[in-house]
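Only one structure is covered here, and it is reproduced in the block below.
Throughout, read-outs are computed from the coordinates displayed, never taken from laboratory work. Keep in mind the model is a prediction, meaning the values are calculated, not measured. Positions of Cβ are generated from backbone atoms using ideal geometry, with glycine treated the same way; all protein chains shown enter the neighbour counts.
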Ligand code: MN
Ligand code: MN
């Protein structure tokens, strides 16, 4: 079960109204390597992990990714909530607005809707943990692209925090892969 805490994992300070930037940051809300994909990926893969430690790690990180998804939705909303129609027209956010108004919706920066095909659950711990390590590197790279195109100091600060967490997750999945491989080898010796 989950317990919801009515606060964000890290404060989201947004200093400007910027629909164009919101339309780019939505990549991490509903894109292939975004936070929704990460959360669903880890929370789905955890059952077939061979050790309690690996199951717990996927549960912990999957839960944290949903908290990141909440933070990304908050950034997108804060960047657009005060935007006038004049400020929205002619920006990439206009296409989003036509369907969803100012509600964040899981699609990528190019408008393609989120899909479960962005992730897999292979039932094989080595394959899954290897996918997870790659997913963390891709999320880190996306954050670096987004930081480069951001000009809002509050948004940059939050994106830097989120980027750093993906680096930590990559390291922890690497440790889990070692533990799982040791466990699988041990079983072969009597
Ligand atoms: Mn994340
Ligand atoms: Mn992560």
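Observations, loosely collected:
- Test: residue in segment 49-57 that is in a helix (DSSP H, G or I), within 15 Å of residue 136 (Cα to Cα) and more than 9 Å from the chain's Cα centre (by Cα): yes
- Looking across 8, 43, 36, one residue alone is surrounded by 21 or more Cβ atoms within 10 Å (Cβ to Cβ) and either within 14 Å of ligand 2 (Cβ to nearest atom) or more than 18 Å from residue 134 (Cβ to Cβ) (or both). It is 36.
- Some residue of segment 19-33 being part of a loop (DSSP other than H, G, I, E, B), more than 10 Å from the chain's Cα centre (by Cα) and within 17 Å of residue 153 (Cα to Cα): no
- Residue within segment 124-133 that is more than 16 Å from ligand 2 (Cβ to nearest atom) and under 17 Å from the mean Cα position of the chain (by Cα) present: no
- Count of residues meeting criterion [within 12 Å of ligand 2 (Cβ to nearest atom), more than 12 Å from the chain's Cα centre (by Cα) and in contact (Cβ under 8 Å) with a residue 24 or more places away in the chain] in segment 162-174: 4
- Where residue 60 falls short, out of the listed (1) within 12 Å of ligand 2 (Cβ to nearest atom); (2) surrounded by fewer than 20 Cβ atoms within 10 Å (Cβ to Cβ); (3) in contact (Cβ under 8 Å) with a residue 24 or more places away in the chain: (3)
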